[in-house]
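As structure tokens, the structure follows; a few thoughts come after it.
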Amino acid sequence: MNIPNKITVSRILLIPVFVIVMMFDFGWGNMTLFGAEMQVNYFVGALIFIFASATDWVDGYYARKYNLVTNLGKFLDPLADKLLVSAAFILLVEIELAPAWIVIIIISREFAVTGLRLILAGQGEVVAANQLGKIKTWAQIVAISALILHNTIFTLVGIPFDMIMLYVALIFTVWSGWDYFYINRRVLLDSK
């Protein structure tokens with residue numbers, strides 16, 4: 001397994017750490033950040049989530065720079081993104097920071113695209129994420145980070161940046177899902 005794939009696997013291994021830190025208070029108490037009060041475990045969870053998300057850029061950059069792009073990496077990278085983002089969104093519903101209906105749409109799209117990827121893989125095709133999918137992923141990461149941090153940076157000016165980004169992420173999620181299915185519609189229309 002090459003270094004980019006090891007970085008991707010490390011992102012997957014950070015998911016349970018992120019979940020545990022977010023779900024349990026550990027008696028760390030609260031803190032004030034940019035005038036907004038939040039639990040310390042949420043702040044630490046946000047840092048873990050942001051770090052894990054940043055590894056997505058690192059592994060991709062390293063793989064392209066050193067020509068280490070593999071089929072395993074093309075499979076693992078979007079899977080790691082989906083697992084991390086899905087875990088984060090489910091936690092946000094649990095702690096009442098995100099509406100369930102939005103999270104259901106986002107996660108449903110992820111399952112649908114993963115199913116399509118499996119069909120394509122069965123036909124010998126491994127498809128890397130396209131640019132629209134990458135924008136979708138980063139919009140989701142920004143939305144999740146802002147929601148976990150309770151919109152602390154924008155609290156002072158009264159801009160609901162966290163919710164704005166959640167809707168932006170929703171739009172890109174639906175759009176990129178439609179695009180993915182449209183580009184690969186021949187697989188679904190194949191009657192053999």
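A few remarks follow.
- Considering residues of the range 1-47 that are out of contact with any strand residue (DSSP E or B) (no Cβ under 6 Å at 6 or more places or on another chain) and among the polar types (S, T, N, Q) only, the residue surrounded by the most Cβ atoms within 10 Å (Cβ to Cβ): 8
- For the range 1-99, the helices (runs of 4 or more DSSP H) that sit wholly inside it and include 1 or more residues that are at pLDDT below 90 and under 19 Å from residue 110 (Cα atoms) are 40-65, 71-94.
- Number of residues in the range 115-152 that are assigned to a loop (DSSP other than H, G, I, E, B), touching a residue at least 60 places away in the same chain (Cβ under 8 Å) and at negative phi equals 2.
- Inspection of the range 39-57 identifies no residue that is within 24 Å of residue 187 (Cβ to Cβ) and among the small types (Gly, Ala, Ser).
- Screening the range 64-114 for residues that are touching a residue at least 12 places away in the same chain (Cβ under 8 Å) and among the small types (Gly, Ala, Ser) and picking the one that is surrounded by the fewest Cβ atoms within 10 Å (Cβ to Cβ) gives 112.
- Of all residues in the range 8-32, those that are more than 14 Å from residue 53 (Cβ to Cβ) have Cβ atoms under 7 Å from Cβ atoms of residues that are surrounded by 16 or more Cβ atoms within 10 Å (Cβ to Cβ) and among the polar types (S, T, N, Q), 6 or more apart or on another chain, in 21/41; 22/41; 24/41; 25/39; 25/41; 26/41; 28/41; 30/39.
The values are calculated or read from the model by the stated rules, or taken from the named source; none is laboratory data. Only a predicted model underlies this, so the values are computations on that prediction, with no experimental measurement involved. So basically every Cβ, Gly included, is an ideal-geometry build from the backbone, and we count neighbours across all protein chains shown.
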